[in-house]
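The values are calculated or read from the model by the stated rules, or taken from the named source; none is laboratory data. Everything numeric in this text was worked out from a predicted model, so none of it was measured. Positions of Cβ are backbone-derived with ideal geometry, glycine not excepted, and every protein chain shown enters the neighbour counts.
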Amino acid sequence: MNKSLIDTDIFSEIIKGVDPTVAAHARTYRRAFGRYTVSAVTVMEIVQGYQQKQATRQLQAFLTALPTQEVLPFEEADGELAGRIAGELERTGRPIGTADSMIAALAIGHGLELVTGNTAHFQRVQQLGYPLILVNWRN
């Protein structure tokens, strides 16, 4: 198992603890690395979801537990790469959205595998020639 950036969909499933396959992969990963690696973009997406649902208690629990995880910041080089990815995908009529372009750029920039349940979506980035390695913990 390699160190990975965990996409928002899988991190949300880890938090919910419903999918036994995801939970098993998560336990193995946590034993190997001690914590999960997520992006500041994933933090934004999860906070946004709780805020929309007005799930104050769940939001507070998430924020309280967050310091135990590794959160990768989004920096200038990540912004440039994300812009290139998003621009090319939009130009070719295959956009994946701003947040996912940012997450892909972070994984590529940090040399991390991207753990996601949405591999078909991120394969568009691979098809552009970017060295994005995808892993699906739902399988």
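For (1) β-branched (Val, Ile, Thr); (2) closer than 18 Å to Ile133 by Cβ, each residue gets a yes or a no:
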residue: Asn2; (1), (2): no, yes
residue: Asp19; (1), (2): no, no
residue: His25; (1), (2): no, yes
residue: Thr28; (1), (2): yes, yes
residue: Ala32; (1), (2): no, yes
residue: Thr42; (1), (2): yes, yes
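Here the condition is being touching a Lys or Arg at 6+ places or on another chain (Cβ under 9 Å) and modelled with pLDDT of 95 or more; of Ala32, Ala24, Ala77, it holds for Ala32 alone. A single entry from Gly117, Gly111 fulfils the requirement of being of a type outside the set (Asp, Glu), on the phi > 0 side of the Ramachandran plot and assigned to a loop (DSSP other than H, G, I, E, B): Gly111. Residue count for segment 1-55 under the criterion of being over 16 Å from the mean Cα position of the chain (by Cα), crowded, with 16+ Cβ neighbours inside 10 Å and closer than 25 Å to Asp78 by Cα: the result is 0. Restricting the first member to segment 1-21 and to residues that are farther than 21 Å from Gln123 by Cβ and free of Cβ contacts under 8 Å to residues at least 40 places away in the same chain, and the second to residues that are among the aromatic types (Phe, Trp, Tyr) and part of a helix (DSSP H, G or I), the beta-carbon pairs closer than 9 Å and six or more apart or on different chains are Met1/Tyr29; Met1/Phe33. Take the residues in segment 110-136 that are over 12 Å from the mean Cα position of the chain (by Cα) and surrounded by 18 or more Cβ atoms within 10 Å (Cβ to Cβ); name whichever of them is nearest to Val38 (Cα to Cα). Checked segment 110-136; the qualifying residue nearest to Val38 (Cα to Cα) is Leu132.
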